[in-house]
Amino acid sequence: MPKYKYKSLSKSGEVFSGLMEADTKFEVLQRIKQEGHIPVEVDVHFETNKKLQLGFLSFGKKDKATSSDIYWFTQQFYRMIKSGFTVDRSLDILLKQVKTHALKKLVMDLRIQVQEGKTLSESLAMYPDYFDSYYIHMVEAGEMGGILGECLSQIVNLKDRQAKVQKKLVSAMTYPTIMILTFIVTGAIFLFFIIPEFAVMFKEMNRELPIVTQMVLTVSEVFQTYYLEVFGTLSIAFVVFNFYNRHRLPIIIDGFLLKSYRLTDIYIDFLSERFSRTLGSLLQSGVSLYQSLEIVKKSLDNQLVKDHVSSLQLGLQKGNGLATQLWEAAIFSEIMIQAVHLGEENGKLGEILYQTADQFEENISSNVEVFLSFIEPVMTLGVAVFVVIMILAMVLPMMQAPAMV
């Protein structure tokens with residue numbers, strides 16, 4: 001039987017607190033009232049394991065459920081509902097299956113809310129850190145239309161597909177990131193450790209050095225002598241720039257992503273896939289177009305596109321068509337705009353958008369391959385050229401020195 005920690009007030013104003021075993025939170029409230037007290041606070045109490053602490057490190061159970069926990073919860077909950085169990089019964093079964101502390105607390109809280117008479121969507125809305133607007137409105141639409149199982153299935157499908165797309169984008173940036181880090185580490189080793197050793201030897205040679213060697217030695221000397229000043233200046237400049245442009249900086253970055261060569265196709269397809277799949281699934285579940293756009297806006301990361309979606313909502317209030325507005329803005333893919341136009345004509349906007357998202361997912365896969373085939377040789381060549389310059393800077397003076405007998 002779960003335990004609840006409570007706090008109550010007596011008629012004289014005295015504060016009482018403690019632990020109470022009960023099946024539900026409602027039962028605890030009833031007991032407190034029967035004792036003639038006013039309930040102030042009642043929460044589920046969990047026995048926490050002791051943590052092993054060492055300095056600033058601590059080892060123990062996590063206090064927050066992860067995205068993987070929420071995904072697992074949604075999958076299992078969908079299967080329960082699809083099997084014919086009620087929401088309350090499904091949560092009760094899941095509570096016995098959950099193994100993580102944070103998710104167990106979340107499921108128990110949801111079960112309590114539902115037992116107290118709240119709908120599932122209302123209960124989920126109390127935990128915005130775990131359930132976004134899309135999730136909550138899909139559940140709400142499922143409850144209103146009697147199709148909760150189908151809506152949960154769409155949530156699982158959407159999250160799964162978005163995770164796959166995200167994984168493809170991460171894979172596209174993994175190699176460039178590794179090469180950039182390799183370039184930085186290699187440059188630091190040459191400039192701070194290898195070049196200074198050769199600089200002493202070149203100084204003893206007392207000869208005029210090649211221009212490449214002089215340049216490399218100068219750069220190495222500057223970094224060794226003024227690296228703290230350089231790093232400090234760059235850090236201060238970044239902080240100041242970010243402080244005065246904290247609202248404009250995201251827009252600048254978002255604009256770069258929308259216009260940058262080679263990245264544009266991938267990024268536009270990513271935005272189009274996210275927009276069309278989310279909007280399509282919401283519309284198919286019976287959510288209004290205006291409300292669906294509001295949810296889609298919250299799911300996007302690009303501030304410029306968010307502003308564009310806001311303008312779409314204003315246009316809808318004025319009676320303008322969605323496809324016409326998308327065409328004028330020219331942000332999303334032309335394929336999606338044509339799909340929206342067709343959907344508005346035949347009244348199947350949600351279905352067509354959801355199907356179109358599959359095409360964008362395929363485009364992302366092919367564009368990632370093209371991007372990698374372009375960027376891999378370029379970055380490899382860049383690192384190779386840097387290493388060759390470093391080696392030439394060290395070898396040329398020795399080649400010009402008189403042969404040793």
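Yes or no, residue by residue, for (1) surrounded by 15 or more Cβ atoms within 10 Å (Cβ to Cβ); (2) at negative phi; (3) touching a Pro at 6+ places or on another chain (Cβ under 7 Å); (4) modelled with pLDDT of 75 or more:
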residue	(1), (2), (3), (4)
P2	yes, yes, no, no
V15	no, yes, no, no
K25	yes, yes, no, no
Q30	no, yes, no, yes
Q34	no, yes, no, yes
E41	no, yes, no, no
V44	yes, yes, yes, no
K50	no, yes, no, no
G55	no, no, no, no
How many of the residues making up the range 94-145 are out of contact with any helix residue (DSSP H, G or I) (no Cβ under 6 Å at 6 or more places or on another chain), aliphatic (A, V, I, L, M) and part of a loop (DSSP other than H, G, I, E, B)? 1
Which condition from (1) within 20 Å of V165 (Cβ to Cβ); (2) modelled with pLDDT of 85 or more; (3) buried (at least 16 other Cβ atoms within 10 Å of the Cβ) is the one that Q355 breaks? (3)
As an exercise: evaluate T174 against (1) at pLDDT 85 or above; (2) farther than 18 Å from Y71 by Cβ and give the number of the one condition it does not meet. (1)
Failed condition for L326, given (1) more than 28 Å from N367 (Cα to Cα); (2) under 27 Å from the mean Cα position of the chain (by Cα), with all others met? (1)
Given the criteria in the same structural domain as F190 (by TED's automatic domain parsing) and on the phi > 0 side of the Ramachandran plot, does G315 qualify? no
In this structure, is F231 touching a Pro at 6+ places or on another chain (Cβ under 9 Å) and in a helix (DSSP H, G or I)? no
So Y175 ticks every box in (1) part of a helix (DSSP H, G or I); (2) in contact with a Leu (Cβ under 9 Å, 6 or more places away or on another chain); (3) touching a residue at least 24 places away in the same chain (Cβ under 8 Å); (4) closer than 30 Å to M398 by Cα but one. Which box is left unticked? (4)
Selection within the range 235-265 - under 30 Å from F374 (Cβ atoms) and modelled with pLDDT of 80 or more: none
Got at least one residue in the range 122-132 being out of contact with any strand residue (DSSP E or B) (no Cβ under 9 Å at 6 or more places or on another chain), surrounded by 15 or more Cβ atoms within 10 Å (Cβ to Cβ) and free of Cβ contacts under 8 Å to residues at least 12 places away in the same chain? yes
Going residue by residue through the range 291-310, is there one that turns out to be over 25 Å from the mean Cα position of the chain (by Cα) and under 26 Å from V165 (Cα atoms)? no
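The values are calculated or read from the model by the stated rules, or taken from the named source; none is laboratory data. It should be emphasised that the depicted structure is a prediction, and the values quoted were computed from it without experimental measurement. Glycine also receives a Cβ, built like all others from the backbone with ideal geometry; neighbour counts cover every protein chain displayed.
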